[in-house]
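Below is one structure. I have some questions about it.
The values are calculated or read from the model by the stated rules, or taken from the named source; none is laboratory data. Not measured: the values here are computed from a predicted model. Reconstructed Cβ throughout: ideal geometry from the backbone, glycine too, with neighbour counts over all protein chains shown. With ligands, DNA and RNA removed, areas are computed over all heavy atoms of the protein, side chains included. Shrake-Rupley method; radii C 1.70, N 1.55, O 1.52, S 1.80 Å.
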Amino acid sequence: FTPDGRFVDRPLGDALQIRKRPQAPIQIVFGGHYDTVFPPDSPFQSMKEIKPGVWSGPGAADMKGGLAILLTALEAFEQSPLSDKIGWEVLLTPDEELGSPGSASLYRAAAKRKRLGIIFEPSFPDGALVNERNGSAHYCVTIKGRAAHSGRDFDQGRSAVFALARVICQLEKLKIERQWIINVADIEGKGPVNIVPPLASCRINIRGSDLQMFADFSSLLKKIAHENEEEGIQIELFEDISRPPKLFDKRTQHLLEAWGECAKELNLPFHYRPSGGVTDGNTLAEEGVPTLDSAGAIGGGLHTHDEYIVQKSLVDRAKLTALLLLRIASEEIEI
């Protein structure tokens with residue numbers, strides 16, 4: 001989406017979709033992504049050990065480590081005589097860090113075929129899993145004003161930048177009053193300083209666990225836009241990408257407790273708590289599939305040049321996942 005209010009097509013990488021035993025009585029989708037937030041020209045391009053057993057690298061925790069765990073666990077499970085009880089689908093996507101604009105439909109389609117989802121996003125740095133996640137929505141505000149020479153015809157111009165500034169200030173006031181997560185970024189209003197700027201834009205990200213909040217914000221944003229329109233100022237709003245909240249319901253609790261039983265058997269710690277981040281697990285949960293989230297590696301510093309992964313967690317989480325699958329296949333754990 002461009003600052004002047006145009007949608008443009010941008011190519012994405014291919015999604016990798018692997019299915020096995022689609023007729024098995026139990027069907028599970030394993031989700032992950034292979035994109036990171038680091039561009040090809042980023043100086044953060046290689047792995048290094050920063051202390052014993054801890055490695056730093058781009059996407060190491062988010063989520064190359066999770067992919068290694070997923071594939072290793074599946075390799076172990078496939079050697080079991082119980083493997084024919086479970087049919088599985090691995091879905092690895094290239095655009096999760098963008099909000100899954102191209103691959104969300106693949107998850108929705110997979111949800112119609114599966115009874116359970118496991119997402120291999122990283123856990124918290126202390127090993128805690130995520131039991132619920134906020135929802136997330138993106139908006140773009142585009143303001144069109146009227147250009148004029150800032151010296152000779154200043155009064156004839158209508159500044160899109162000033163109008164955008166007023167909108168942003170009202171959003172900050174709304175954030176404080178409602179205690180909502182409202183983040184404004186990617187602000188643009190370029191042009192020569194001797195010309196009244198005719199175009200300005202910004203992007204907005206909101207997050208929350210209450211669906212009503214998203215509806216309320218949308219209405220209030222439209223109201224703010226209307227209040228700031230005047231002669232020579234036009235404001236357009238676009239909703240870009242949204243993911244609903246992933247709620248901590250009874251089915252999610254059941255999955256977490258099953259994971260906890262496996263962790264206890266392996267003498268591994270187990271705890272969970274909410275996260276403000278969003279993943280493809282939000283999409284699966286929206287489609288009614290009980291989803292175990294953050295089954296991936298233990299690490300931290302996500303989306304920064306300090307991203308790291310705890311090496312031992314690769315082995316521990318692969319064992320946990322394989323044991324969970326064996327218990328599901330043997331019907332010790334009911335889905």
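Hey, what's the Kirkwood Rh for region 277-335 if you take every pair of different alpha carbons, in angstrom?
In region 277-335 this quantity evaluates to 13.6 Å.
Let me ask something else. Quick one, which of (1) 19.4; (2) 17.5; (3) 14.7 is the actual mean projected area of the Cα convex hull in nm² calculated for this model?
Label (1) holds the value from this structure.
Starting from the amide H of residue 148, placed 1.01 Å from N in the peptide plane, find each other amide H under 5 Å away whose residue is 5 or more places distant or on another chain.
196
Which value, in debye to the nearest 20, gives the size of the charge dipole of region 222-335 about its Cα centre, when Lys and Arg are +1 and Asp and Glu are -1 at the Cβ?
760 debye
Also: If you roll a 1.4 angstrom probe over the protein chains with everything in place, what fraction of the accessible area of the chain belongs to carbon and sulfur, to the nearest %?
53 percent
Still on this model: R0 = 22 Å: FRET efficiency of residue 306 with residue 108, Cβ-based, nearest 0.05?
Calculated value: 0.05.
Which of the residue pairs 114/319; 85/264; 48/319; 250/312; 112/222 have a Cα-Cα distance greater than 28 Å in the structure shown?
Cα-Cα > 28 Å for 250/312; 112/222; rest within.
Could you give the dipole magnitude of the chain about its Cα centre, charging the beta-carbon of Lys and Arg +1 and that of Asp and Glu -1, in debye to the nearest 20?
220 debye
Say the dipole of the chain comes from +1 at the beta carbon of Lys and Arg and -1 at that of Asp and Glu; which of 91, 27, 45 then lies farthest toward its positive end?
Comparing the listed Cα positions along the dipole, 27 ranks first.
Which order do 115, 317 take by accessible area at a 1.4 Å probe, largest first?
Ranked from most to least accessible, the order is 115, 317.
Rounded to two decimals, what is Rg over Rh for region 93-198 when you use alpha-carbon atoms and the Kirkwood radius?
My calculation puts Rg/Rh at 1.18.
Against the longest alpha carbon principal axis of the chain, how many degrees, from 0 to 90 and to the nearest 10, is the axis of helix 211-228 turned?
Helix 211-228 sits roughly 10 degrees off the main axis of the chain.
Another one. Out of region 1-86, which trypsin sites (Lys or Arg not before Pro) are coil in DSSP terms and have no more than 13 other C-beta atoms within 10 Å?
Qualifying residues, ordered by number: 6.
On a 0 to 90 degree scale, rounded to 10, what angle separates helix 312-329 from the longest Cα axis of the chain?
Once rounded, the angle reads 70 degrees.
Accessible area per residue of region 56-101 at 1.4 Å probe, in Å²?
So region 56-101 comes to 33 Å² accessible per residue, rounded to a whole number.
Note the angle between two axes, namely the Cα long axis of helix 250-265 and the longest principal axis of the Cα atoms of the chain, as a number of degrees from 0 to 90, rounded to the nearest 10.
Its long axis makes an angle of about 50 degrees.
A follow-up question, please. Which whole-angstrom value gives the distance between the alpha carbon centres of region 8-24 and region 39-76?
That distance is 22 Å.
Per 0.36 nm of contour for each residue apart, how much would the distance between residue 179 and residue 240 grow if the chain were fully extended, relative to their Cα-Cα spacing?
19.7 nm
Any idea which of 219, 193, 141 is furthest toward the positive side of the dipole for region 136-219, if Lys and Arg beta-carbons carry +1 and Asp and Glu beta-carbons -1?
Most positive-ward Cα: 193.
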